[in-house]
Structures are given as C-alpha cells and as structure tokens.
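J.: Have a look at this one before I ask anything.
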Amino acid sequence: MRKTLLSFSMLGLLTGCFSDSDNNIESSLKQPEPVANVRLETVNTPDQTQYQPGQPININYSISSQLLDTEHVGVTFMAIAKDKVDQLASHDEPEGYELGTHYIEKLSDGKHSFTAELMLPNEEIPSDDYVIAAYVDSAKSIENEANTEDNGSRDFSDNAASFAQITIDSTFYHDFALDTLTVGDGFAMFPDSGRRETESQNAPEHKRADIIGHFDASKFGHLINEALVTATVTVAGIEFDAHFWQEGENRYHDDMKIKFADHEQSHYFPYDIAVNGVLLDKLQQTYDKDADENTFELTFTIEDLSSAHQEANLDNNRMTITVPYSLYDHDQPDDSWLEEHNITNPLTSSVDTSSKSSSPSYAPVKEPQGLSGLVSTSDTLWAFEIFSNTYGDKSKVAIVPSFVSWVLLQSKNGGLAWATAGGSFDLYMFDHSLDLFSAGASGIANGADGTASYSMNVSLLGNSLIKESETVSALDESYGYDWEEEQKLFSTTFTIAIVPVSVSAGIKGSVGVNTDLKYEGLQFSIGGDVLTASLDAYATAGIDLLVASGGIGVDFLIISDTLSATAYVDISKALSDSEIGYGIDVSNHMKAIEGEFYLWVKYPGYKFCCSFPTKTATKTLYNTGALYDKTWQMINYSDSFKF
C-alpha cells in the first residue's frame, strides 16, 4: 500500500515537472507579436564613388516595413565628412550637406528597394571622404511607430550597411542636359510646290512659323546658366539648318540663346522655327503622297557658351526626334475642315455647289497648320488664309489659337462674293481642354438680286453670346462684345517633395469683338478687330497634408492677341464690265506663354538628430520669356477679277 502511494506521488511530481518544462519550451519558441515599424536596412555606395558639388547622384537604398500603410513618406539624405559622422548622433545640427528627399507614395509590408535621384548642393564643399546617411519618415508621418531608432543610418563603421561612402572633389562642375523635345501636336505641315519660294538659303525673311514646339532642359553645377541652341532638319539623309524666331528682334536667326533660372529642375523653353526655301524645296521633292507617312528628323543641340569651363558630359546635349509631315495643296474651298466648328451660317447662300461651299462658315480648324494662297480659275477666285498652332505644354498650360480669312469671288449669275473673317482660342490645362472663345463674321453679296446674306457669331466657353444671320438689301451693322472675369476651369494634383498639392486653375482677363459689316451699292465689306484677347493664368492651391502648408505663384500670360481683318468686294461692275473688285488685309499680333507659374509647400524635414525644422520646396510649371511675340501680315491681296 505504501509503495503504491509513493508511486502515485512520484508520478504526480514527475507530471508536474514535465508540464512546467513544456510551458517553458513553448514560451521560448513563441515569436514576439509583430509591431508597426519601418526600418532603414541599407544605403548602397554608388558605382561611381567620386563626385563634385552641383553634380546629380543616384543612391539605391532599401527599407522594411510591417503593419504600416502610411502615405506620403519622405526619406531624407545627407552627406557628411567621414571624420564628422559622430555628429549625426551627438549634434542638433550636424555639419553636413542635404542632398534631397525621396518620396514613397505608400508603405506596405515587406522589404522594398528604391533609387533616390539626388544632387550634391552647388556650394563650397571641402574635398574629402564623405558618407551618405538616410532617415525614413523625415516629416514624422507615421503615428505610434514601435522603434524610431532604426529609421536612420546607425552604428557607423567602414562596412556599415546603412551608409554609402563617396569622395567629393570640390573642382568646378557644370553640365547642361536636354530632357524632352516636342513639336506642336506631333506633326508639321508645309506649303506644296508653287506656294512659296524655294531658293533662299539663309534665315527666312517671312514671319510665318513652320514648326512650333518646346523643349525641356536642365542645368547642373555652378552658376553658368546661358547656352546657345541650334537645330537641324534632316530630310532623306541630307541635313539642313533650321532658324529660330528671335524675341525682341523681329526676325529669324540661325540660333537662339536660352537662360536657366536655377539648376534643380527641368526648364521649359518654347521655340518658333521657319524653314528657308532650299529646305522647303527638299521637303516638297521628298514628299510621297502615296506613302503611309512622310517624316523628317529634327535635332536640337545645346552649346555651352563658357570659355573657361568645360561641360562634364556632352552626350546629353543633343536630342533627335522623328516628325511626321504633310503638304497642303487646296485648289478650291473645302467645307470639311470648317464644318467641325460650324458656328453659324448666312441665312441663305447662292454659292455654286460645284465650289463645295454651299454651307458657308467661318470657324477655323483645330489641327495645327498654316494654309494660304490665291486660287484662280476662269470663273472663280479665292484668296484665303488659315492658321492654327499649339503654344505651350498641354500637360501644364497651352493655348491653341486658330484664325481664318478669305474672299471668294464667282462670275456666274451677275457676280457673287463671299467674305469671311474669324478666330478662336482653345485652352489646355493639365491635359484637359476647353473651347474658350470664338468669334467671326461672314457675308455673301449677290449681284443678281442686289442682296447680301450675312452672319455674326460670338461664343464664350461654349455659350453663344451673339448669333445673328439675315438676308438684306442694305446693311450697316457694328458688333462689339467685351468679357472680363475669372473662370476656374481645371483641377489636378501635384506632389512636391512629399506633399500632395491640389490645384484648381483657369483664366482671368478679357476678350472682345469689334467688327463692322456694311453692304451698300453692291459693295460689301467686313472690318475691325475681329478677335482680341488678353488672358492670364489663374490658380489656387490646397494642401492635402495637415503637417504642411503651401500655395501657388502665378504671374503668367497665356495669350495676348489681336486679329485685325478688313475685306471688301465690289460687284457693281459685274454685269456692265464683267469685273469684280476685291481686297483682303489680315494682320495678327500674338504674344503667348510668358511669365512664371509655380507651386510651393512648407513641410517638416528631419535634420539627422533632434530637430524637425520647416523646409520649403517649389515646383515650377513655367518660367519663360515670351518667345512667341510678333506681328505678321497673314494675308494682303487687292485687285480686280475680270471674266
């Protein structure tokens, strides 16, 4: 009995011992509960290890994150001399150099690798060995993080994974780079054979742009900020010089000078190119009307104007794009491109349907092109001018002005004359478009019954303000309209550093019409400032992060334009002398895309120890002079038409 009790006692004791042991084993094997945390894992030394002040530098780094989905996270980088690296842990203001902030849109679980595009500041930096340190969440966006000690570079040694190591040589550094090159809406148009001279070899004397577009370029390094830009057009393997409009000089020249405002972002530069006669002849002779596409190559080159310093990299100074092109060869009026903006028509029309103009209109085409000419047959004469081009960058701000003017004469049925003048502006902001404003006047004088059919139309933001048409035996009308107010039209979001900025933008300014229509004694005329505009960008900004503030700076002209047109026809001698007198005079003054348009934000930034001071960052959409600033005679004919 005693043995039995002892046995049970020992068994119970052993069971208790094993139970405690199992609990201890389970406890030691149990993983700790995960906690919300982000950790800087590595900052990699770049392949190139020697740099100069003002030089861009790309740093690969990695982080790990768990239980976090924080948005708008910044990673700040600093270069500090190797012998001062201890200051990162001991000083409020380490003696280092900020390289910039890399933006992470949103954290997610796991380990992630990134490449930060940074730049060594353009200031005096002593030549020495440096380390590059990083800190994740420089604006303290993460709430309740378990451990902030592992957010930054730490435990420096020559093999520390969270530091990159480079050498800085304080020798002078500078570099220009072409970033993008764009032609209008992606194609060009030139006159067909016989419409313009084809023998001149130097800069053209005419003021009509053949190729309009823009390029973006950057500069790095010291304060050298001026460069010379040249362009060539290559057709069928043969290279020709292109010529740039010179702001303020009222002429085309072999090159153009540009000036950079600063070195930390890509800059916008508009251009206006005209081709000389020899190049036009080559474009015409090479053109294959049966081909699916005809193209030429456009090459831009930036040339350093400094004689004292050489660029660090010349490979990024040239850019070539392929540009599709076509020739225009209209022989008679074609309604197809007018009908797209068929604003209004004269009430009646006696225009012969064989002329394809039985539905007269005056609204211009939207496609960028420039057509002009004087077409004459045995019983028809047509003098015309059509112009449209894109000015600016549609992803930012752009304006597309379009103009049309013509006189069409026919000798049938006692004589008939049709005069038209009109224009419109299409506005683009942030890749969205709007028909901003259009205006025009049209009239048909009929010698057979002594009447005139006329129409007048003004439209603003798609709303018709004036729309009138009638058939009359006598006419003396003046039309005027002026509009001036602000209109918010578009919105989008930009991210600056780590801050999302909501931007609403539109236009402010004035547009107007001042046109006279007259018909008396079988003489019909249109005259005045058919279309005037002076429009500036208007924008407001909202900051989407509570930790930041900001705003928008706008001193920016979208367009200033005056289209003046005078046209007359005299059919009083059509029956007696088989003669129609006519004249058309159209001039235009345009200034487009000028000034500065930028966003700015203030946000907290990490200083690699204890303080979180406020930083300011800007994003410049435009900073440019008005390269498109010129007056030109679009059309000027005066004669009599005998039949």
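J.: Just to be sure I understand, how many residues within region 205-247 are of a type in the set (A, V, I, L, M, F, W, C), part of a loop (DSSP other than H, G, I, E, B) and touching a His at 6+ places or on another chain (Cβ under 7 Å)? Give the derivation first.
T.: As a first pass, look at region 205-247 and keep what is of a type in the set (A, V, I, L, M, F, W, C): 209, 211-212, 215, 217, 220, 223-224, 227-229, 231, 233, 235-236, 238, 240, 242, 244-245.
Filter again for part of a loop (DSSP other than H, G, I, E, B), leaving 209, 223-224, 236, 242.
Checking which are touching a His at 6+ places or on another chain (Cβ under 7 Å) leaves us with 224.
The qualifying residues number 1.
J.: Ok, one more. For ASP544, which of the numbered conditions (1) of a type in the set (Asp, Glu); (2) in contact with a Pro (Cβ under 7 Å, 6 or more places away or on another chain); (3) crowded, with 19+ Cβ neighbours inside 10 Å fails to hold?
T.: It fails just one condition, (3).
J.: Additional query: Counting only residues that are open to solvent by 40 Å² or more (accessible area, probe 1.4 Å) and more than 15 Å from LYS488 (Cα to Cα), which one in region 432-466 is nearest to the chain's Cα centre (by Cα)?
T.: ASN463
J.: Output yes when any residue across region 293-304 is modelled with pLDDT under 75 and not in a loop (DSSP other than H, G, I, E, B), and no when none is.
T.: Taking every residue of region 293-304 in turn, none turns out to be modelled with pLDDT under 75 and not in a loop (DSSP other than H, G, I, E, B).
J.: Right, next: Among (1) of a type outside the set (A, V, I, L, M); (2) modelled with pLDDT of 90 or more; (3) closer than 26 Å to SER266 by Cα; (4) in contact with a Lys or Arg (Cβ under 8 Å, 6 or more places away or on another chain), which single condition is GLY553 missing?
T.: Condition not satisfied by GLY553: (4).
J.: Restricted to region 70-99, and to residues that are in a strand (DSSP E or B) and among the acidic types (Asp, Glu), which residue is least open to solvent (accessible area, probe 1.4 Å)?
T.: Only one residue tops the list, namely GLU98.
Rundown of residues vs (1) under 25 Å from THR493 (Cα atoms); (2) more than 33 Å from the chain's Cα centre (by Cα); (3) crowded, with 17+ Cβ neighbours inside 10 Å, yes/no style:
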| site | (1), (2), (3) |
| --- | --- |
| GLY550 | yes, no, yes |
| ASP555 | yes, no, no |
| ILE559 | yes, no, yes |
| THR566 | no, yes, yes |
| VAL569 | no, yes, yes |
| LEU575 | no, yes, no |
| TYR582 | no, yes, yes |
| VAL586 | no, no, yes |
| LYS591 | no, no, yes |
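J.: Just a yes or no: is a residue in region 473-492 within 30 Å of GLY74 (Cα to Cα) and open to solvent by 40 Å² or more (accessible area, probe 1.4 Å)?
T.: Within region 473-492 (the criterion being within 30 Å of GLY74 (Cα to Cα) and open to solvent by 40 Å² or more (accessible area, probe 1.4 Å)), the answer is yes, since at least one residue qualifies.
J.: Let me ask you something else. Under 9 Å between Cβ atoms, which residue pairs at least 6 apart in sequence (or on different chains) link something in region 197-216 that is closer than 28 Å to THR180 by Cα and open to solvent by 60 Å² or more (accessible area, probe 1.4 Å) with a partner that is modelled with pLDDT of 90 or more and assigned to a loop (DSSP other than H, G, I, E, B)?
T.: If the second residue must be modelled with pLDDT of 90 or more and assigned to a loop (DSSP other than H, G, I, E, B), the pairs left are ASN202/ASP254; ASN202/ASN276.
J.: Would you mention how many residues in region 486-508 are more than 17 Å from LYS396 (Cβ to Cβ) and in contact with a Ser or Thr (Cβ under 6 Å, 6 or more places away or on another chain)?
T.: Matching residues across region 486-508 total 2.
J.: Now for a different question. Only residues that are at negative phi, outside any strand (DSSP E or B) and touching a strand residue (DSSP E or B) at 6+ places or on another chain (Cβ under 8 Å): list them for region 161-190, please.
T.: Hits for region 161-190 are ALA161, SER162, PHE163, ASP169, PHE172, TYR173, PHE187.
J.: Here's a follow-up. What's the total number of residues in region 122-146 that are farther than 18 Å from THR495 by Cβ, open to solvent by less than 20 Å² (accessible area, probe 1.4 Å) and touching a Pro at 6+ places or on another chain (Cβ under 7 Å)?
T.: Count: 1.
J.: I'm told HIS174 meets every condition in (1) open to solvent by less than 20 Å² (accessible area, probe 1.4 Å); (2) modelled with pLDDT of 90 or more except one. Can you identify the failing condition by its number?
T.: Going through (1) open to solvent by less than 20 Å² (accessible area, probe 1.4 Å); (2) modelled with pLDDT of 90 or more one by one, HIS174 breaks only (2).
The values are calculated or read from the model by the stated rules, or taken from the named source; none is laboratory data. Computed from a predicted structure; not experimentally measured. Positions of Cβ are generated from backbone atoms using ideal geometry, with glycine treated the same way; all protein chains shown enter the neighbour counts. Just so you know, the surface numbers come from the protein's heavy atoms only, side chains and all, with ligands and any DNA or RNA stripped out. Shrake-Rupley method; radii C 1.70, N 1.55, O 1.52, S 1.80 Å.
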